[in-house]
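The values are calculated or read from the model by the stated rules, or taken from the named source; none is laboratory data. As the structure is a prediction and not an experimental result, all values here were calculated from the model. Neighbour counts run over all protein chains shown; Cβ positions are idealised from the backbone, glycine included. These accessible areas exclude ligands, DNA and RNA; they are computed on the full protein's heavy atoms, side chains included. Shrake-Rupley method; radii C 1.70, N 1.55, O 1.52, S 1.80 Å.
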Amino acid sequence: DGRRVVVLAHRGASRFQPTSVHNLAELIRLAAERPGRRLVNCGDPDAPPVVEIGRHVAAALSHEWTEVLLPGAPQGQVGANPWGVPRPFVLDMTEAEFEVGYRPVTTYARAVGETCAWLVSATEGRDWREVLPVASKLYGEEFDYAAEDEYVRGLT
């Protein structure tokens, strides 16, 4: 969205394990080759902190911003984001490896560029909420830019 300042709670250190479509597709392929009754996790091989997730997205979009890292929980919606969890959200992939021979085919850092390029292309001339209606329902109110701007003005 072109913001010049990004405010992150928990000093941006929240860990959240993303899942690229490539790794998900690989796990589905392997599971289909080995039918059975089981549940397995799927995640990228790394669970980067939120600040790193943001930096990967910024790099993929050739965008620069200033980070404001709040020492604790979000202040209302200021500093909140979908990946900003109070405790690490990290998946154990052992069962997927054992059950179906899963090995990740990419990392978040490698896959995020393709995702960002797709999103930029898909939203050209359109609101992102139109392109991603489910995400819009989940995250549409996540970012209170007016409150965030007021908070940042109060810092200077």
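What helices (runs of 4 or more DSSP H) lie completely within the stretch 87-154 and have 3 or more residues being modelled with pLDDT of 95 or more, at positive phi and out of contact with any Leu (no Cβ under 7 Å at 6 or more places or on another chain)?
Those helices (runs of 4 or more DSSP H) do not exist here; none qualify.
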Selected residue [open to solvent by 80 Å² or more (accessible area, probe 1.4 Å), touching a residue at least 40 places away in the same chain (Cβ under 8 Å) and more than 15 Å from the chain's Cα centre (by Cα)] from ASP92, ASP144: ASP92
Inter-residue pairs, beta-carbon under 6 Å, first farther than 19 Å from VAL78 by Cα and in the stretch 1-22, second open to solvent by 20 Å² or more (accessible area, probe 1.4 Å) and not in a strand (DSSP E or B), 6+ apart: GLN17/VAL90; GLN17/LEU91; PRO18/TYR108; THR19/CYS42; HIS22/VAL105
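With respect to ALA80, is the statement that it is touching a residue at least 40 places away in the same chain (Cβ under 8 Å), part of a helix (DSSP H, G or I) and of a type outside the set (Lys, Arg) true? Working first, answer last.
Numbers: touching a residue at least 40 places away in the same chain (Cβ under 8 Å): yes; part of a helix (DSSP H, G or I): no; of a type outside the set (Lys, Arg): yes.
In short, no.
Mind listing just one residue for me: the one in the stretch 39-69 that is open to solvent by 70 Å² or more (accessible area, probe 1.4 Å), of a type outside the set (A, V, I, L, M) and part of a loop (DSSP other than H, G, I, E, B) and, of those, nearest to VAL21 (Cα to Cα)? I'd like the intermediate steps shown before the answer.
Going residue by residue through the stretch 39-69, those that are open to solvent by 70 Å² or more (accessible area, probe 1.4 Å) are 39, 45, 52, 55, 59, 61-62, 64-66, 69.
When the remaining residues are screened for being of a type outside the set (A, V, I, L, M), the result is 45, 52, 55, 62, 64-66.
Of the ones still in play, those that are also part of a loop (DSSP other than H, G, I, E, B) are 45, 62, 64-65.
On the way: PRO45: 13, SER62: 22, GLU64: 26, TRP65: 27 Å.
Applying the filter and picking the extreme gives PRO45.
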